[in-house]
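So the structure is just underneath, and the comments pick up after that.
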Amino acid sequence: MPLTPTDNITNLLQNFLDVQSKRAQVIAGNIANADTAGYAAKELNFDDYLNEAVRQSSLPHSQQNDRALETYEPLITEQTPTVIGLDGNTVDVGREMADMAQTGTNFNFGAKMIQTRFKLLRAAIREGR
């Protein structure tokens, strides 16, 4: 939920954290199903979201749709298999663990960015007193 309709940076950071959380859930599901016969590994398609974010940010402020990114739901698609087990399972646990580590790093980065953003806003408010 956005703090204000005009704070696009904070909204973008919040959406980034939401997407990283969803990505971690998808990866955890893949790891949990690593031994399930016929399970097809899934991934979160983030490209559409990034394209929309770039498109929105390139528009003049009066034409930007603040709600466009809030309502965006990243697509969960099947991964292109790198390994297919004899039972038809396409989960590559090594890849999933690496992706989970990267997702954790991304989430921590986003959390630091939003923390810095709030500190900046707090400092600006205090200077106005």
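The values are calculated or read from the model by the stated rules, or taken from the named source; none is laboratory data. Since this is a predicted model, take the numbers as computed values, not measurements. Glycine also receives a Cβ, built like all others from the backbone with ideal geometry; neighbour counts cover every protein chain displayed.
Structure data summary
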| read-out | value |
| --- | --- |
| Index of the failed condition, Gly88 passing every other in (1) at pLDDT 70 or above; (2) within 16 Å of the chain's Cα centre (by Cα) | (2) |
| Every residue from region 91-119 that is closer than 30 Å to Glu78 by Cα and β-branched (Val, Ile, Thr) | Val91, Val93, Thr103, Thr105 |
| Residue ID - modelled with the lowest pLDDT, chosen from residues in region 30-74 that are over 30 Å from Leu86 (Cβ atoms) and charged (D, E, K, R) | Asp66 |
| Neighbours by Cβ (under 7 Å, 6+ apart or cross-chain): first from region 99-114, over 13 Å from Asn15 (Cβ atoms); second aliphatic (A, V, I, L, M) | Asp99/Ile27; Met100/Ala24; Met100/Ile27; Thr103/Ala24; Thr103/Ile27; Ala111/Leu17 |
| Residues located in region 36-57, provided they are more than 20 Å from Asn11 (Cα to Cα) and either exposed (fewer than 12 other Cβ atoms within 10 Å of the Cβ) or basic (Lys, Arg) (or both) | Ala37, Gly38, Lys42 |
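Residues checked against (1) within 15 Å of Arg95 (Cα to Cα); (2) in contact with a Pro (Cβ under 6 Å, 6 or more places away or on another chain); (3) hydroxyl-bearing (Ser, Thr, Tyr); (4) without any contact (Cβ under 8 Å) to a residue 40 or more places away in the chain:
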| position | (1), (2), (3), (4) |
| --- | --- |
| Asn8 | no, no, no, no |
| Asn11 | no, yes, no, no |
| Phe16 | no, no, no, no |
| Lys22 | no, no, no, no |
| Val26 | yes, no, no, no |
| Gly29 | yes, no, no, yes |
| Thr36 | no, no, yes, no |
| Ala41 | yes, no, no, no |
| Phe46 | no, yes, no, yes |
